[in-house]
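*Asks:* Supplied in structure tokens, the structure appears directly below.
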Amino acid sequence: MSKFGKAVSALAIAVALSASTAVSLQAQEREDRTLLSWDELHAIINEASGDRALHTVLEGAPFPRMRPREEYESNFRENLTVARLAREYGLSDVTIESFPTPRGSWRPIKGELWLQGDRPRKLYDINDVIISVAPNSESGEVVAEVIDVGVGGRPEDYEGLDLRGKVVLGTANPSTLQRLAVLERGALGVISANVLRIENPDFIMESSIAKPPAGQSAGFAWVVSATVGRELSTKIGRGETVTIRSVIEAEDLPGEIETVHAVIRGDGSTDQAIIYSAHLHEGYIKQGANDNSSGSATILEMARTYAALIEQGKLPRPRRDVHFLWVPEISGTMAWLDAHPEIEGKVIADMNFDMEGIGLTAGGAQWVLYRTPDTFPTYLNDVGQSVGEWLAAVNTERVRFRDNGYQFTLPVLSHNGSRDPFYFATSKHYGSSDHSIYLNRGIPALIFATWPDPWYHSSADTPDKLDPTMMRRAVVAGVSAMSVLASADDEGAARVMAESLARGVERLGFNQRKGLGYLADAKTGAELLEAYREAANAVTHQQAIEKAVITSTNVLFNNPTAAAPRLREFTNLIDQRAKVLQDEVTAFYRLRASQLGVRAVAYTPTAADREAANLVASRVPGGQMFGRRGRNDVLFASIPEADRAAVIAGYEKLPQHMAAELTTLLSQGKTVLEIRDFLAGQFDPLPTQDLLDYLKAAEKIGGVKLTPRR
């Protein structure tokens, strides 16, 4: 074959491959869809930068450092960085606001922990590891013997020990050791070798101790690694006298809550608003790279990307104002919303980003969307899940699309980042971040986070763990959802409603599958009857949730009132679908009954059910209620010793993963049986008697009130 012929042949092959690839890509685009067009998605991907987000982290919190006094008296470095960049990116109304708080700021100046002996050895210096001294430790120099109390989390760990003038070593957290050893037994200070993950024995966990009651000394607390704790414990176990020297210099400063706020303005067609939030501080001592400099830098890059694409005409100008809020966690959100009721009243959604940056493969992590609880059903979950699942699909190699090459369909990578697949997951509600404040105020709110994080709340939460590829993907997902929420009109609202309707079918099916599993697992007639009750309840529960989700989309329509009757057409259809599912549950119940040789009878309420149906449970304002297992010596101190064991046994019958939802349900005027049905439908079967026992125990410690129904 001639050279020309070979060239023509090669060209023909290339054209054929190109045509094949085009067909493959078209097929993938039809399958890989979300709430925006592909042109809009390509524009977002091309503009978003994970490297810029990482650079913001390095400008604001390059390493955990000792803050100079000037930051406490003016503005914190991270806040100045965010505000400066927000102005450079063209955001409006960029402000740093400060709110006073009675909780003072503790600033360390010097801190050293020495192991004494013939050759003294410095164990820790806060210039190396700032979180090695627990905040609120008192200033002073102490030389004292160390007493090993093992865990040190229970009063019995201290039996027979004279701790006056001594320092206690334990593996409980510093605040527990302080309470039991210093405040109650006269020790001078504590050394905590508390660890979150045993596979990381050389990390130090971030923590603090309490301000003491009037007239008492707080003492001091050092937090050491498991390796150092084991070394000290081993020496003591061999009969050696271990003496430490603690040198701490610190000062107490007035408390301050400092926030940064910026806006991208809507077109004025509605007064509604959305908020994108991240906590820039978690106390001013801890300066975590992933938790949460990464989230703060990520929403700033989302703001830059969105503003740039609006200016370029590649995304529609928003109808709604988009607010960006950087805060001290929890306290900053409350303070800012309290100061701006004129904005809070217009907010229809919050998207909260907390820990967005670690490499997923390196951390063994996923990017997780934590849904709102079932006590707060909303379309917002489906917006977040839609964009997250789309991004995961196009950033995972799928062999059925190999005509496009063994690669991601639409790679979202950073020059200096990983080539990880995008591992995305959705999970049930988790409340420990700023989104919980919005939910408590009636505003739908989601949280996105990388989890697990092996370096969470530790001395190893440093920028070297961050992956700009992960941060770029978070930006792409966040801006995609932002454009949907900020720009939705009637057409966009209908698209979101359709997404929720279809995903609701999946959730109804999931709850039915869960219930059918209960029936399949039953081994006796009694178990089968209880399983039938739970299976029917699971479908009924989800039916109510999905109807509320559809109703929640009305806020996105141009005229929510006019949209309401049209949405009722779809909620009525959900009732019809749920009836079919219930008929299938009943049919399967009859099949299982015949297999077990028992009659398929209707469920009859038990004595516990009847009691629960006639008691309304409510929360006592300010009353004690929740505490972690094994830390209940304070919670139950008021209970007579003869009754304490029984009360604790009842208290521990509530599964921990149901506790947050129970708190909300206690404010809704429900009976105990209604609460039981809700929790069992959302999570898993919960015996009525167990919930009664728990609530009666909580009533004895002053957290709950049980009132006969009128």
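*Asks:* Scan region 300-334 for residues that are open to solvent by less than 20 Å² (accessible area, probe 1.4 Å), under 28 Å from E256 (Cβ atoms) and either outside any helix (DSSP H, G or I) or of a type in the set (F, W, Y) (or both) and jot them down.
*Replies:* Of everything in region 300-334, those that are open to solvent by less than 20 Å² (accessible area, probe 1.4 Å), under 28 Å from E256 (Cβ atoms) and either outside any helix (DSSP H, G or I) or of a type in the set (F, W, Y) (or both) turn out to be V322, H323, F324, L325, W326, V327, P328.
*Asks:* For region 183-224, what are the residues that are of a type in the set (S, T, Y) and surrounded by 15 or more Cβ atoms within 10 Å (Cβ to Cβ)?
*Replies:* To start, the set of residues in region 183-224 that are of a type in the set (S, T, Y) comprises 192, 207-208, 217.
Within region 183-224, S192, S207, S208 qualify.
*Asks:* Only residues that are open to solvent by 10 Å² or more (accessible area, probe 1.4 Å) and touching a residue at least 24 places away in the same chain (Cβ under 8 Å): list them for region 392-404, please.
*Replies:* Hits for region 392-404 are A392, A393, T396, E397, F401, D403, N404.
*Asks:* Name the residue that is surrounded by the fewest Cβ atoms within 10 Å (Cβ to Cβ), counting only residues in region 655-708 that are small (G, A, S) and under 21 Å from T540 (Cβ atoms). Before you say what the answer is, go through the steps one by one.
*Replies:* Step one: of region 655-708, the residues small (G, A, S) are 659-660, 667, 669, 680-681, 697-698, 702-703.
Add one more test, that the residue is under 21 Å from T540 (Cβ atoms), and what stays is 669, 680-681.
Numbers: G669: 12, A680: 20, G681: 25.
Going through the qualifying residues, I end up with G669.
*Asks:* Also, I was wondering about something else. For V129, only one of the following conditions fails: (1) in contact with a Leu (Cβ under 8 Å, 6 or more places away or on another chain); (2) closer than 15 Å to S208 by Cα. What is its number?
*Replies:* Looking at each condition in turn, V129 falls short on (1).
*Asks:* Okay, next question. Any chance you could count how many residues in region 299-333 are closer than 17 Å to V82 by Cα and under 25 Å from the mean Cα position of the chain (by Cα)?
*Replies:* Total meeting the criteria: 18.
*Asks:* Taking region 172-186, which residues are touching a Leu at 6+ places or on another chain (Cβ under 9 Å), touching a residue at least 24 places away in the same chain (Cβ under 8 Å) and either charged (D, E, K, R) or more than 14 Å from P212 (Cα to Cα) (or both)?
*Replies:* Passing the criteria: only R185.
*Asks:* Same structure, new question: Could you check region 410-446 and list, in sequence order, the residues that are β-branched (V, I, T) and closer than 16 Å to I358 by Cα? Give the derivation first.
*Replies:* To start, the set of residues in region 410-446 that are β-branched (V, I, T) comprises 412, 426, 437, 443.
Hit for region 410-446 is V412, nothing else.
*Asks:* Does P120 fit the bill of being over 26 Å from the mean Cα position of the chain (by Cα) and either at pLDDT 95 or above or not basic (K, R) (or both)?
*Replies:* yes
*Asks:* Continuing with this model, one more query. Sort out which residues of region 255-285 are in contact with a helix residue (DSSP H, G or I) (Cβ under 8 Å, 6 or more places away or on another chain), of a type outside the set (A, V, I, L, M) and open to solvent by 10 Å² or more (accessible area, probe 1.4 Å), and write them in order of number.
*Replies:* E256, H261, G266, Q272, Y284 - these are the residues of region 255-285 that are in contact with a helix residue (DSSP H, G or I) (Cβ under 8 Å, 6 or more places away or on another chain), of a type outside the set (A, V, I, L, M) and open to solvent by 10 Å² or more (accessible area, probe 1.4 Å).
*Asks:* Being surrounded by fewer than 15 Cβ atoms within 10 Å (Cβ to Cβ) and among the polar types (S, T, N, Q) is true for just one of T372, T361, T378. Which residue is that?
*Replies:* T361
*Asks:* Looking at (1) at pLDDT 95 or above; (2) polar (S, T, N, Q); (3) open to solvent by less than 60 Å² (accessible area, probe 1.4 Å), which is the one condition that is false for T540?
*Replies:* (3)
Condition check ((1) at positive phi; (2) in contact with a strand residue (DSSP E or B) (Cβ under 7 Å, 6 or more places away or on another chain); (3) in contact (Cβ under 8 Å) with a residue 24 or more places away in the chain) across all residues:
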| position | (1), (2), (3) |
| --- | --- |
| S594 | no, no, no |
| V616 | no, yes, yes |
| L666 | no, yes, yes |
| A680 | no, no, yes |
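*Asks:* Go through (1) polar (S, T, N, Q); (2) within 25 Å of W38 (Cβ to Cβ); (3) at pLDDT 95 or above; (4) touching a helix residue (DSSP H, G or I) at 6+ places or on another chain (Cβ under 7 Å) for N381 and report which single condition fails.
*Replies:* Just one mismatch for N381, condition (4).
*Asks:* Let me ask something additional. State which residue pairs qualify: first residue free of Cβ contacts under 8 Å to residues at least 60 places away in the same chain and inside region 569-592, second residue hydroxyl-bearing (S, T, Y) and open to solvent by 30 Å² or more (accessible area, probe 1.4 Å) in any location, beta carbons under 6 Å apart, and separation of 6 or more residues or different chains.
*Replies:* Listed pairs, sorted by first residue: none to list.
*Asks:* On to the next question. Do we have any residue at all in region 523-532 that's touching a residue at least 24 places away in the same chain (Cβ under 8 Å), open to solvent by less than 20 Å² (accessible area, probe 1.4 Å) and within 27 Å of the chain's Cα centre (by Cα)?
*Replies:* Scanning region 523-532 turns up no residue that is touching a residue at least 24 places away in the same chain (Cβ under 8 Å), open to solvent by less than 20 Å² (accessible area, probe 1.4 Å) and within 27 Å of the chain's Cα centre (by Cα).
*Asks:* Within region 517-531, is even one residue within 30 Å of D125 (Cα to Cα) and of a type outside the set (A, V, I, L, M)?
*Replies:* For region 517-531, residues within 30 Å of D125 (Cα to Cα) and of a type outside the set (A, V, I, L, M): absent.
*Asks:* Sticking with this structure for a sec: Just one of the numbered conditions (1) open to solvent by 10 Å² or more (accessible area, probe 1.4 Å); (2) farther than 30 Å from L466 by Cβ is not true of E389; which one?
*Replies:* (2)
*Asks:* Another question, if that's okay. List pairs: first residue in region 483-510 and under 20 Å from L309 (Cβ atoms) and at pLDDT below 95, second residue of a type in the set (A, V, I, L, M) and in a helix (DSSP H, G or I) anywhere in the structure, Cβ distance under 9 angstrom, at least six positions apart or on different chains.
*Replies:* none
Matching residues to (1) of a type in the set (K, R); (2) farther than 20 Å from T378 by Cβ; (3) outside any loop (DSSP other than H, G, I, E, B):
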{"position": "L501", "(1), (2), (3)": "no, no, yes"}
{"position": "Q542", "(1), (2), (3)": "no, no, yes"}
{"position": "K547", "(1), (2), (3)": "yes, no, yes"}
{"position": "T551", "(1), (2), (3)": "no, no, yes"}
{"position": "N558", "(1), (2), (3)": "no, no, no"}
{"position": "R568", "(1), (2), (3)": "yes, no, yes"}
{"position": "V580", "(1), (2), (3)": "no, yes, yes"}
{"position": "V598", "(1), (2), (3)": "no, yes, no"}
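*Asks:* Okay, moving on. From the set of residues in region 435-452 that are farther than 18 Å from V368 by Cα and β-branched (V, I, T), which is surrounded by the fewest Cβ atoms within 10 Å (Cβ to Cβ)?
*Replies:* I443
*Asks:* Can I ask one more? Have a look at S98, S74, S92, S105 and point out the one that is without any contact (Cβ under 8 Å) to a residue 60 or more places away in the chain and either within 30 Å of A262 (Cα to Cα) or of a type in the set (D, E, K, R) (or both).
*Replies:* S74
*Asks:* Quick check, is A250 hydrophobic (A, V, I, L, M, F, W, C) and closer than 30 Å to E141 by Cα?
*Replies:* yes
The values are calculated or read from the model by the stated rules, or taken from the named source; none is laboratory data. In this text, all values refer to a predicted model and were calculated from it rather than measured experimentally. Positions of Cβ are backbone-derived with ideal geometry, glycine not excepted, and every protein chain shown enters the neighbour counts. These accessible areas exclude ligands, DNA and RNA; they are computed on the full protein's heavy atoms, side chains included. Shrake-Rupley method; radii C 1.70, N 1.55, O 1.52, S 1.80 Å.
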